[in-house]
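Each value in this text was obtained by applying a stated rule to the coordinates, not by laboratory testing. The model shown is predicted, which means the values in this text are computed figures rather than measured ones. No Cβ is skipped: glycine too gets one built from the backbone with ideal geometry, and neighbour counts run over all protein chains shown.
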């Protein structure tokens, strides 16, 4: 058995299977992890929840020997960076180890991560409250109530990701129009349905089958008519402090309301996108957005201590006021930062390397306390 101490990276079963023969995007990401580990004088191993023995506290993990990753039995690392979800089957085991001090896993799935719960939690903080679009659980009654107050609404799955399942309600004259995606022979295509009082069946059926939220739609700032928002990566660094590691701007397609990369969006830096923008100076926007995101991270971290990597989706009003859109505890950084398996800009490598700086900090702290 290899007795070397490692920082673990918990990955999905699919990623775990790819490790020994990795290529493309995964290979680039792993090379960034390795670079950060080498700089911090630590080693990394890749873990899968089902390969951990919670009784003996050992794991079958992929470790690099020479130029290859090989499956090896190791002691369960004392520090683990979570890069995937895991089933309830393992929730109690991970929590028990973290609470006992044997393991520090960030981000431990203690944070009840649903859009409506996130909203209610953040709303308790007076400093953050004004940055939150009004949000309610979606029922026929709450949607009608919101329709009396706003001319545009978004209806989102409470636990959805990458923009899947989002619908928009828009007032057009005396009518309302529902924008939604429908699966056809050509794949998912946008459809519209106009209505007066009676909700379209597609809307009522969806909110009955699954939990949705209804949310005030912020009239997002645009560039050449296309809306944009930002994924703001706030991570703990090699000193154990929160920092903004990257701001990745997602520019949607002109005439569309979604900015997600998986929905046709394109990523830019703030400086790239706002160059020459008369009313949104990049330097001021960066400072305002960073300050807001750090306040949210501090608030979350105070209440949920096993946090270390938070991705906030933040939108801007036309005059540059930041609004919270969504929280991600496992950000899809590769999709946001890589094109053709290369970083769009070098500065974005920090979103991959900073968590390893934090892992090294935690390992040093643990060794000093032993």
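Each principal axis of the Cα cloud of the range 270-334 was taken in turn, and the coordinate range along them, longest first, works out to 41, 26, 17 Å. Considering the range 167-318 at the alpha-carbon level, its Rg and Dmax are found to be 18.7, 57 Å. Using the alpha carbons alone, the radius of gyration of the range 135-216 stands to its Kirkwood radius in an Rg to Rh ratio of 0.94. Measuring how big the range 88-198 is from its alpha-carbon positions, Rg and Dmax come out at 19.3, 62 Å. Taking other Cβ atoms within 10 Å as a rough exposure proxy, 289, 80, 345 sort from fewest to most as 345, 289, 80. Can you show me the helix-derived [θ] at 222 nm for the chain, built from DSSP H runs with n ≥ 4 at -39,500 (n - 2.57) apiece and divided by the number of residues, rounded to the nearest 500. That calculation yields -9500 deg cm²/dmol at 222 nm. Each residue in 358, 119, 90 was given a count of other beta-carbon atoms within 10 angstrom of its own, and listing them fewest first yields 90, 119, 358.
For the chain, modelled as a GNM with alpha-carbon contacts under 10 angstrom, which of 84, 172, 222 fluctuates the most? Comparing 84, 172, 222 in a Gaussian network model of the chain, the most mobile one is 172. For the chain, a Kirkwood hydrodynamic radius built from all Cα pairs, placed in the Stokes-Einstein relation at 25 °C and 0.890 mPa s, yields a translational diffusion coefficient of 111 µm²/s.
Compactness check for the range 7-109: Cα Rg over 2.2 N^0.38 Å is 1.03. The fewest-to-most ranking of 25, 144, 231, 48 by surrounding Cβ atoms within 10 Å reads 144, 25, 48, 231.
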